[in-house]
1. If I fit a long axis through the Cα atoms of helix 42-94 and take the longest principal axis of the Cα atoms of the chain, what angle between them do I get, 0 to 90°, rounded to 10?
2. For K7, which lysines qualify as cross-link partners when the Cα separation must be under 29 Å and same-chain residues fewer than eight apart are set aside?
3. Mind checking which aspartates and glutamates have their Cα closer than 20 Å to the Cα of K59? Skip sequence neighbours fewer than 8 apart in that chain.
4. Could you state the angle between the C-alpha long axis of helix 5-19 and the longest principal axis of the C-alpha atoms of the chain, as a value from 0 to 90 degrees rounded to the nearest 10?
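Throughout, read-outs are computed from the coordinates displayed, never taken from laboratory work. Keep in mind the model is a prediction, meaning the values are calculated, not measured.
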Amino acid sequence: MGIEMSKRSRLYSDLEPVIGKESAEVIMNSLNFEGTEALVTKEDLRSELGSLRREIDDKFEMMMAHLDKQLLNMKIWFLVTGPGVAFAVVNLYKK
């Protein structure tokens, strides 16, 4: 929640008679009021966290699908080459 211009003006008006015009201006100029209207809220953080969780879940699903594909390729390779290797070994010992 940002600080409204009317509140800033009231703060200056309250400070000036107490500490003087120059000191009130120094204090007002040293306070950073810019960007306070764009402060992050808890709801913003929750929303961002939800987005990050969904992104992580999507990446994890992609990784698992890729891993499943690789394991399937390995199984197929072993099924295809395994009998051929066994046949070759049997023929070597036949002689």
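1. Relative to the chain, helix 42-94 is tipped by roughly 10 degrees.
2. K7 reaches K21, K42.
3. E48, D68
4. Tilt relative to the chain: about 50 degrees.
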